[in-house]
1. Could you point to the residue in Pro661, His633, Val682 farthest towards the positive end of segment 625-707's charge dipole, with +1 and -1 charges on the Cβ of Lys/Arg and Asp/Glu respectively?
2. Using alpha carbons only, what's the Rg to Rh ratio of segment 90-189 with Rh from Kirkwood?
3. Carbon and sulfur: what percent of the chain's accessible surface (1.4 Å probe)?
4. Points 7 angstrom from Cα along the Cβ direction at Gln430 and Leu595: gap in nanometres?
5. Could you pull the Cα extents of segment 562-707 along its three principal axes, largest to smallest, in whole Å?
6. In percent, what relative contact order does the chain have, based on Cα pairs under 8 Å that are 6 or more apart in sequence?
7. Just going by the charge dipole of the chain, with Lys and Arg at +1 and Asp and Glu at -1 on Cβ, which of Ser485, Ile390, Thr573 is farthest out on the positive end?
8. Quick one: Cα centre-to-centre distance for segment 355-424 and segment 213-280, in angstrom?
Amino acid sequence: MALDSTALRDLARDLGVGTDFWGWDGTLRSVADDTLQAVLAGLGAEVHSDEDIARIRREREQEPWRRTLPPVTVLRQGQAAEVPVHVDHGTMVQLHLELEEGGHRDLPQVEDFTPPFDLDGVLRGRARFALPGDLPLGWHRLVAQLESGQRVEADVVITPSRLTTADAFGSHRAFGVQAQLYSVRSQRSWGIGDLADMRDLAAITAARHGADFLLVNPLHASYPTPPMEPSPYLPVTRRFTSHLYLSIEDVPEFSRLPEHARQRLRLLGQEFADANQRADHLERDRVLAAKLEALNELYSVPRTPGRQALLDAYRAREGEGLEDFALWCAIAEQVHGTRDDLLRDLDAATIEQARTELADRIDFHAWVQWLLDQQMASAQAAAVEAGMRIGIMHDLAVGVEQIGADSWRLRDVLADGVAVGAPADQYNQQGQNWDQPPWHPERLRDASYRPWRDMLRTLMRHAGALRIDHVLGLFRLWWIPRGHSAADGAYVHYDHEAMIGILALEAERSGTVVIGEDLGTFEPWVRDYLSDRGILGTSILWFEFNSEGRPLPPENYRRLCMASVNTHDLPPTAGYLAGVHVELRHRLGLLERSLEEEHAADAAGREEVLESLREEGLLPAGAGVEDTVIALHRHLARTPSLLLGVSLVDCVGERRIQNQPGTDEEYANWRIPLADAAGQVVSIDDIATDERTARLLGAVREGISSR
């Protein structure tokens, strides 16, 4: 059937879909019509003809008239607004606001001369009421009382104009350590870094070196049984924590086991003594299987009345979200076919049957999450006690697996038939498909953004700071329709005022500093907007250039940001200086230029940065790798940036990259243990007395103190 391309593109823009975009090379690219049709289908707007376009426009015009109240109203504190109320023409309606902390406000009606609207043969009228600008922060409830006695409710969310949690570092900047927790083991680890290791690493870096935070990779949950997805950025849920990170010996019930049972679990843990010394590869699946065996043993220990009361309180606080996640884990344990079957078979009858038949396993998985919550609280408390002003900085991934707990439980607010990714850039010239279902912008709004709020509340409960991976996704995400290449997608826009406003509200309430990873292709105003809202940005030394394409002088760095030399998607600095990332991308077939051209371009870019260090007097001629790494960090210490992150891999001389974007099994992503320049494992116990770590962190501490 006929399809007017201009009308299609107009509709796409009206629905928040970008019809063109600027590529990393500065070229404006147009999105193909068939891609736009597929993306619109993901939004629930199937378009095959001009008649479909007319139908969708008609439905969207009618939508607000069908609702009595808008699904949610998100405002900044001090901002007055008017709320439209739609009722049958001539119907009387009153509106009041029930405040979160108690009490209510009657809202005055204001004039509205909008004529009635014919909706399916019924005239609908619009009244308008004023929301005052003096409402307190929080989640309030708008109540419309109709003359028929019907009561209609909706959320009003008052958010901070600006998040203030980072203001404390204005006169005394902070630095901290960035680590991939799973890769950092101690002598007592079970082959994988755990929450006890996180606690100890935070305490050591604070007390020995003056660090103010420890940034760790996302600790989100993967599948509850092997095999596990190795990427911490591809979880089954972003709200809850992986069983893998639990420290078995720190579970209080461990001490209440019979001696023979305690000995059996000790022997189980000791089986990983050799694994702790391996520098080539991490074995998540084996570790998870052993920890599940131990946890099942510990679960059989009766809890004291006090412990049971704490567990009950935790379950009540986390509510339906926790119960559904525990239910999903219990069902996932029973799957004997492919994991595709798990999502396909979760119909209402299966769910209700599982709630009864798997009640004990649901209790088990809720109990495990409680243990994890307690150990994260312990780690944050230890970090602060050791002197950290921020403590643990957690990391929020962009999304979740297509088949997982969130993709099931939150299916009503996630888009189907599309995946999140990124268009081509200079580091992956074929684009990236992260294979994650995105938030559906309108359905998330219709849910009052509560799924977003609930996730943030859980993550921020024991976080001194929260890093938001790809924070630009709160403005727009690159949607890739199923069956399309990663480069063949389109940007879909979100209500960033609502998303970031709610983020700021929950962070202000919990006292959490928020850092957004704002790297990549974005519109210039985005960084200014984040800064105005009190959200810190991210600066990576190798990516910072001035308008002339020269390395950015340290004094010109942003103040409201966390600056670091590298990121987990680049090699450690020692490896970057050697160009190992170029060799790796060539080996994996990810380059579009020849190896020689890439090496030359990469070396020229590095040399520009190093030359700027020489001009500053930080890098003497003939400096070795360690001195160069220290000089790069001294350079960053001269910036005004509020936070400075130092990668643990740089502290110990590691060269290997943790993750090569755009790859899966082609490279051992997220499976590289922490090792030094000689390839020898470096444990947390070593870090306490490691001279190289002391030199680098000492240089950073000295540089910050001298500013």
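The values are calculated or read from the model by the stated rules, or taken from the named source; none is laboratory data. The model shown is predicted, which means the values in this text are computed figures rather than measured ones. All Cβ positions, even for glycine, are placed from backbone atoms using ideal geometry, and neighbour counts span all protein chains on display. Ligands, DNA and RNA are stripped out before the accessible areas are found, and what is left, the full protein with its side chains, is counted by its heavy atoms. Shrake-Rupley method; radii C 1.70, N 1.55, O 1.52, S 1.80 Å.
1. Comparing the listed Cα positions along the dipole, His633 ranks first.
2. Numbers: Rg = 24.4 Å, Rh = 18.7 Å.
When Rh is taken as the Kirkwood radius, the ratio is 1.31.
3. Numbers: 13710 of 28310 Å².
Of all accessible area on the chain, carbon and sulfur atoms account for 48 percent.
4. 1.7
5. 45, 38, 30
6. 15
7. About the Cα centre, the residue reaching furthest to the positive side is Ile390.
8. Cα centroid to Cα centroid, the span is 15 Å.
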